[in-house]
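This report concerns only the one structure given below.
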Amino acid sequence: MSSYKTEIRDNMRIEWDVPITMDDGLVLRADVFRPVAEGKYPAIMSYGPYGKGLAFQEGYKTAWEIMAREFPDAVSGTSNKYQNWEVVDPEKWVPHGYAVVRVDSRGAGRSPGFLCHGDARENKDFHDCIEWAAVQPWCSGKIGLNGISYYASNQWKAAAMQPPHLAAICVWEGWADNYRDSTHHGGIICVFRKNWQDMQVKTVQHGVGERGSRSPLTGELACGPETLSDEELIKNREDMWANLSKNTLDGPYYRERSGDLSKVKVPLLSAANWGGQGLHPRGNFEGFMHAASEHKWLEAHGGSHWAPFYTDYGVGLQKRFFDYFLKGQQNGWDKQPKVQLLIRHVHDSNGREKFVLRHENEWPIARTQWTNFYLDGANLTLGTAKNNSIKTITYDAMGDGVTFSMPPMDKETEITGPAALKLFVSSTTADADLFVILRVFDPQNKEVLFQGALDPKTPVAQGWLRASHRKLDKAKSLPYRPYHTHDENQPLTPGEVVELDIEIWPTCIVVPKGYRIALTIKGKDYDHGLSAASLSNMKNPMSGCGPFMHDDPDDRPPDIFGGNVTLHFGPQYPAAMLLPVVPAKV
């Protein structure tokens, strides 16, 4: 299929299934939306596996309905006919003087080939698509990348390849480190990727053909004109879960699928979600801190994973950024503070979380009062005074664990930034998985839950560590962000005490007077115990961790991860949680 269709529709010139030939001869397919008037326009590009012919409303029905109900501005000013999951709406960008290019990645949607996520071949394809778009007669030669999650994370890798015509990237809730941010939290495998491939990728693999959806705009099959057998489809895709399960340590497999931030030099806007525990905040903070770009900005927000990107707030921020770097508009972006945060407060009188816009000049915030809260094993409390009483607490290594609590706050207190936990632990077996949860309780001792990126009821923050992965990279570790090498297993000797430094992903919450902060340490994923939530694109109900669970039986065999874990306290074992207490601006 070498030809493609061009039409003028809804005040846009649209080219469907434009061929882009890769260096190995394979032809990818892209949809191009641009202004009707002839001219040269900067382009906003996305490249990914979700099928450009699959409508947001069909493929992600419940997510769409929630967004339309709770954020009406996200679906206003547009017919919504061209909406796709996690990429920009052309009707909001083309009238603003941009071309929008959507590419189905190799093996997905209308693009044939072997489906393998984030490998060197896919990264090279993305690089070449950028350079292809830049030399088209309708393009000004400046390309910007924009999109959420998959369409964000692959921007780190594309930018690290330094394509000459890449002018700016907007990484909206996208992981940077494939191992630490995405597949193995603290060395524990996350089952999300297994379910994700089943629910969101295999369903739009090229060759699904007649068994898949049709584009409501073109009538064409979203997964290409050919229909392959199940056996052929399996042969045409990587067995990702097998590779994740086999590669238990960090190494070449994950480095190939991670962005080398030291080579990212293009102007960037990195947007994180406070509620993205499990996938969507860590890479954005790490990317902002460690990218080599001279011009870089960080934004952090709350709410669902998809809606803020499409709201007036999100689109307005993106347009200001790209207008400056792709169009050269002197719109004041160069004076934009380096960090823009929507500071999260507990629920208002209407039951919704409150967010207050605030600008900072750096991350972590320079005026942070890094405060150690010591764990008292005798009283199950958290306090700033060191605990001198010798005590141990033993719990079921795969059970509910133990909770430590601060007294009620005597004044409003803001916690914004990364956190860390130091524990001294022994086990009756050769390994142990530690799940740590930062929580907030109201004066009636009811836990305050927050809208997560996917799960509507989440705690404030979480962290994870497999004890055998406790080895630290001393050069990369920071007091508030331990960095584990994950390059070797160091089994426990039963009964022997080891020191563990556990990373707690960045968060933000203003805790009211009379409320209290608590820390739970347990041997399994957090569960709020309330009714679970569901999304049509997620395999299992969500009860506090969203889809980011760590319950694969092959990864956590009871003979190794069962038994008992003992926490040790006292002068020799100064267990403490380091929190980023942020005072008000003077």
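The values are calculated or read from the model by the stated rules, or taken from the named source; none is laboratory data. Source: prediction; values computed, not measured. Methodologically, a virtual Cβ is constructed for each residue, glycine included, from the backbone with ideal geometry; neighbour enumeration extends over all protein chains shown. Just so you know, the surface numbers come from the protein's heavy atoms only, side chains and all, with ligands and any DNA or RNA stripped out. Shrake-Rupley method; radii C 1.70, N 1.55, O 1.52, S 1.80 Å.
Which of the residues belonging to the stretch 268-299 are over 24 Å from Gly332 (Cβ atoms), of a type outside the set (Gly, Ala, Ser) and within 15 Å of the chain's Cα centre (by Cα)?
Listed by number, the residues that qualify are Asn273, Trp274, Gln277, Leu279, His280, Pro281, Arg282, Phe285, Glu286.
Hey, can you tell me all the residues within the stretch 454-477 that are surrounded by fewer than 22 Cβ atoms within 10 Å (Cβ to Cβ), touching a residue at least 24 places away in the same chain (Cβ under 8 Å) and over 20 Å from Tyr254 (Cα atoms)?
Pro456, Lys457
All but one of (1) closer than 21 Å to Gly283 by Cα; (2) buried (at least 22 other Cβ atoms within 10 Å of the Cβ); (3) of a type in the set (Lys, Arg) hold for Lys522; state the number of the condition that does not hold.
Unmet for Lys522, out of (1) closer than 21 Å to Gly283 by Cα; (2) buried (at least 22 other Cβ atoms within 10 Å of the Cβ); (3) of a type in the set (Lys, Arg): (1).
Counting only residues that are surrounded by fewer than 17 Cβ atoms within 10 Å (Cβ to Cβ), give me the helices (runs of 4 or more DSSP H) lying completely in the stretch 245-320 with at least 2 of them. Full working, then the answer.
Numbers: elements: 252-256, 282-290, 307-310.
Here the list reads 252-256.
Provide a single number: the residues in the stretch 431-453 that are crowded, with 23+ Cβ neighbours inside 10 Å and more than 28 Å from the chain's Cα centre (by Cα).
0
So which residues in the stretch 24-56 are in a strand (DSSP E or B) and farther than 13 Å from Ile14 by Cα, if there are any at all? Talk me through it step by step, then tell me what you get.
To start, the set of residues in the stretch 24-56 that are in a strand (DSSP E or B) comprises 27-34, 41-48.
Within the stretch 24-56, Val27, Leu28, Arg29, Tyr41, Pro42, Ala43, Ile44, Met45, Ser46, Tyr47, Gly48 qualify.
Looking at the structure I just gave you, is Lys539 touching a helix residue (DSSP H, G or I) at 6+ places or on another chain (Cβ under 9 Å), open to solvent by 30 Å² or more (accessible area, probe 1.4 Å) and either modelled with pLDDT under 95 or more than 30 Å from Ile365 (Cα to Cα) (or both)?
Numbers: touching a helix residue (DSSP H, G or I) at 6+ places or on another chain (Cβ under 9 Å): yes; open to solvent by 30 Å² or more (accessible area, probe 1.4 Å): yes; either modelled with pLDDT under 95 or more than 30 Å from Ile365 (Cα to Cα) (or both): yes.
Criteria met by Lys539.
Tell me whether the stretch 233-255 contains one or more residues that are among the charged types (D, E, K, R) and in contact with a strand residue (DSSP E or B) (Cβ under 7 Å, 6 or more places away or on another chain).
To start, the set of residues in the stretch 233-255 that are among the charged types (D, E, K, R) comprises 235, 237-239, 246, 250, 255.
Still in the list and also in contact with a strand residue (DSSP E or B) (Cβ under 7 Å, 6 or more places away or on another chain): 237-238.
So far as the stretch 233-255 goes, yes, one or more of its residues are among the charged types (D, E, K, R) and in contact with a strand residue (DSSP E or B) (Cβ under 7 Å, 6 or more places away or on another chain).
What do you reckon, is Leu449 within 23 Å of Phe192 (Cβ to Cβ) and hydrophobic (A, V, I, L, M, F, W, C)? If you could, list the steps in order and put the result at the bottom.
On the way: within 23 Å of Phe192 (Cβ to Cβ): yes; hydrophobic (A, V, I, L, M, F, W, C): yes.
So Leu449 fits the description; yes.
For the stretch 467-486, state whether one or more residues are at pLDDT below 95 and in contact with a Pro (Cβ under 7 Å, 6 or more places away or on another chain). Can you show your working first?
Start the filter on the stretch 467-486 by keeping residues that are at pLDDT below 95, which leaves none.
No, that holds for no residue.
Conditions (1) open to solvent by less than 10 Å² (accessible area, probe 1.4 Å); (2) not small (Gly, Ala, Ser), marked per residue:
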residue: Val87; (1), (2): yes, yes
residue: Pro90; (1), (2): yes, yes
residue: Ala99; (1), (2): yes, no
residue: Gly107; (1), (2): yes, no
residue: Pro112; (1), (2): no, yes
residue: Cys116; (1), (2): no, yes
residue: Arg121; (1), (2): no, yes
residue: Cys139; (1), (2): yes, yes
residue: Asn154; (1), (2): yes, yes
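Taking the stretch 494-521, which residues are on the phi > 0 side of the Ramachandran plot and of a type in the set (A, V, I, L, M, F, W, C)?
In the first step, residues of the stretch 494-521 are kept if they are on the phi > 0 side of the Ramachandran plot; the result is 495, 514.
Listed by number, the list is empty, since nothing qualifies.
Go through the stretch 330-425 and tell me which strands (runs of 3 or more DSSP E), entirely inside it, have 2 or more residues that are hydroxyl-bearing (Ser, Thr, Tyr) and more than 30 Å from the chain's Cα centre (by Cα). Outline the logic, then answer.
On the way: elements: 339-347, 353-360, 369-376, 381-383, 391-396, 402-405.
By residue number, 391-396.
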